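The structure appears right after this line, and notes come after that.
Read-outs: derived from the displayed coordinates by stated rules, not from any lab. The structure presented is a predicted model; accordingly, all values stated were derived computationally and were not measured. Every residue, glycine as well, gets a Cβ built from its backbone with ideal geometry; the counts of neighbours run over all protein chains shown.
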Amino acid sequence: MSEKDPYAENPVIAWREGGIVAIDQTLLPDEVRLLRIDTVDDLVDAVVRLAVRGAPTLGAAGALGMALAAHQARRSGWSASRLKAEIGRIRDARPTAVNLRVGVEEVVPALADGPEAAERAAVAVVDRIAAANRRIGERGADFLVEACGRRPLRIHTHCNTGALACVEWGTGLGVIRSLHERGLLDQVIVDETRPLLQGSRLTCWELDLVGIDYRVVCDGAGPFALQQGLADAVVVGADRVAANGDVANKIGTYGLALAADRAGVPFVVAAPESTIDPATETGASIVVEHRAEEEVTHFRGMRVTPAGARALNYAFDVTPADLVSAVVTEDRVWTPRS
Ligand code: MRU
């Protein structure tokens, strides 16, 4: 990506000069703008409105958020109970991606040693999150080469699982990029991912950066595209994987998994180990975020339903483990249904 690498000057998320900087993902693909996040309020706002999003990037936000809170506590003379409450606000800013909570919890012990120690611990967590991606990508590419007869491969994906969602490289998109690097990728089918268009806005932008051929389809066309034989496998990310292998991911994933099963192609989930939550026994206990109705009833500020129409805006769905061919992490390939 070197010639037009926007991440060289604009990290997806990083610690810089006493605060957090992050690409404002709501402005893509039209504008690459770095957001400066100096307070817990700024961070919670960025996470809630999806300026900072995607499970591993949320893990990084949680970790860096602890350093931010520690600095703000010192600046503003917060009591211990105020600091605890602010940590809770960061941890709970979004409920489904377990990575946010994990990122927070990994840095909390360092808070006792002061803001600088929290800063060092947080940066180490972000480095670990970034480093896991390449390993997931290589392992996932190995798995698909083995599982799919055809070369080069055509992959169907949903939402955005690239560097934007993962600090660097990507999980699902990392697998796709690893295949591309090996010369084993033909084309990617990208679901647009309503209502906030993470597929068409973000994944297509990232695929353009690395020169990967793709076709974007509206979400309703995804299962039909699979029935038509347009892909050899589906590769997605995850926001939380339960101990039994049930997978929470962006709304629309479940329909794609059903269609992959029907079409007889592998349905592969690429995610770091930190996304697997041993405390969540099955998908039934995963909290699925409900977002504002206006995200569905309106499109970029314009109403697209009759005035007063109500919407159900599930941000995620849960795919049962028996539809998951494999969960590929940085350490292993887990096949929950076998
Ligand atoms: O609401 P978002 O954009 O944060 O949802 C993101 C997804 O559902 C991704 O597929 C998931 O976080 C995996 S990112 C590697």
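Tell me, what is the percent relative contact order of the chain, built from C-alpha pairs under 8 Å that lie six or more residues apart?
Taking the mean separation of contacting Cα pairs over the length of the chain, I get 16 percent.
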Per DSSP, loop GluC sites (Glu not before Pro) in region 1-109 with at most 12 further Cβ within 10 Å: Glu9, Glu17, Glu31
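Before anything else, pin down the relative contact order of region 113-228: Cα pairs under 8 Å, at least 6 apart, normalised by residue count, whole percent.
On the way: 158 pairs, mean separation 27.4, N = 116.
Normalised by residue count, the contact order of region 113-228 is 24 percent.
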Ordering of 258-268, 278-288, 155-165 by burial proxy (mean other Cβ atoms within 10 Å per residue, highest first): 155-165, 258-268, 278-288
Sequence ranges 248-256, 328-336, 118-126, 306-314, ranked by mean other-Cβ count within 10 angstrom, highest first: 248-256, 118-126, 328-336, 306-314
Mean residue ellipticity (222 nm) of the chain, computed from DSSP H runs ≥ 4 via -39,500 (n - 2.57), nearest 500: -11500 deg cm²/dmol
Other-chain or far-sequence residues with amide H under 5 Å of Leu153's (modelled H): Leu185, Asp186
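Given axes a ≥ b ≥ c from the Cα gyration tensor, I'd like to know whether region 145-269 is rounded (a/c under 1.5), prolate (a/b larger than b/c) or oblate. Numbers along the way, then the final one.
On the way: a/c = 1.21, a/b = 1.04, b/c = 1.16.
The shape class here is rounded.
Show me 293-303, 70-80, 199-209 ranked by packing, highest mean number of other Cβ atoms within 10 Å first. Intermediate results must be reported in sequence, preceding the final value.
Values: 293-303: 12.5, 70-80: 14.9, 199-209: 21.8.
Final packing ranking: 199-209, 70-80, 293-303.
Taking a ≥ b ≥ c as the square roots of the eigenvalues of the Cα gyration tensor of region 76-116, is the shape rounded (a/c under 1.5), prolate (a/b larger than b/c) or oblate?
Details: a/c = 3.18, a/b = 1.50, b/c = 2.11.
It comes out oblate by the Cα gyration axes.
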Considering only the chain, percent of DSSP beta bridges that pair antiparallel, nearest 5: 50 percent
Average Cα contact separation per residue, region 134-334, under 8 Å, 6 or more apart, as relative contact order %: 23 percent
